[in-house]
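Structure first, commentary second.
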Amino acid sequence: MPPDWRTASETAAVRRWGSNAAAARGISLGSVVVVGSNSVTTHPGYPLDIAEWCLAQDETKARQGAAEAETSGVYAASKLALSLWSRRQATTHDWIGEHIRLNVIAPGFIETEMTAVLPEETKKEYLSQIPAARYGSVGEIAKTAAWLASDDAGYISGAVIPVVGGLGMGH
């Protein structure tokens, strides 16, 4: 049968039953790892109000604010909204109450196909700001996600984990 055969209430009941059964056995039902962005630490003066309007689902105000803001600030605000939403939701009944941990990874400059095509001067500028003096790897993000999803991180919920080589960490 196709997955849409269940009603929302049946799905919720199955989820609740699964959560209760898992909890009774001391089993963590799951973990969700959101890959966000570290843009918030690298774009000072980002428009926090845009993030709050996104969270309040006020699309009109968010669009108006975005139209008046610098593009990089809007990008940072959207990533901040994702991190704030995750942190706020992580402690609700729908998440931790159902034994599902919700955490965010905030990657810094990661070597990818997208960053490989940046001009050399741009890459040098980014590198000069990273205390670790190197770019991160996709493997480091994957290992962080695997750890957050594992039982080793079973008591972590609502965290934003920066994987940034020290970028933006108070220097």
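Subtract the Cα-Cα distance of L55 and A149 from 0.36 nm times their separation in residues, and report this length gain in nm to one decimal. The partial results should precede the final answer.
On the way: separation 94, 0.36 × 94 = 33.84 nm, distance 2.51 nm.
Result for the pair: 31.3 nm of gain on full extension.
Accessible surface of T60 in the full protein assembly, 1.4 angstrom probe, to the nearest 10 Å²?
That residue has around 90 Å² of solvent-accessible surface.
Can you sort L167, L127 by 1.4 Å-probe accessible area, starting with the largest? Please list the in-between numbers first.
Values: L167 25, L127 60 Å².
The residues order as L127, L167, largest area first.
Under 16 Å between alpha carbons, and skipping anything fewer than 8 positions from K123 in its own chain: which aspartates and glutamates qualify?
Once the sequence-local aspartates and glutamates are set aside, what remains near K123 is E111, E113.
Using the C-alpha atoms of region 49-153, what convex hull volume per residue, in cubic angstrom, is computed?
Details: hull volume 14.6 nm³, N = 105.
About 139 Å³ per residue, rounded to a whole number.
Using a cut-off of 20 Å between alpha-carbon atoms, which lysines can reach K79, once sequence neighbours fewer than 8 places away in the same chain are excluded?
Correct list for K79: K61.
The values are calculated or read from the model by the stated rules, or taken from the named source; none is laboratory data. Keep in mind it's a predicted model, so treat the numbers as computed, not measured. These area figures cover heavy atoms from the full protein model, side chains too; ligands, DNA and RNA do not enter into them. Shrake-Rupley method; radii C 1.70, N 1.55, O 1.52, S 1.80 Å.
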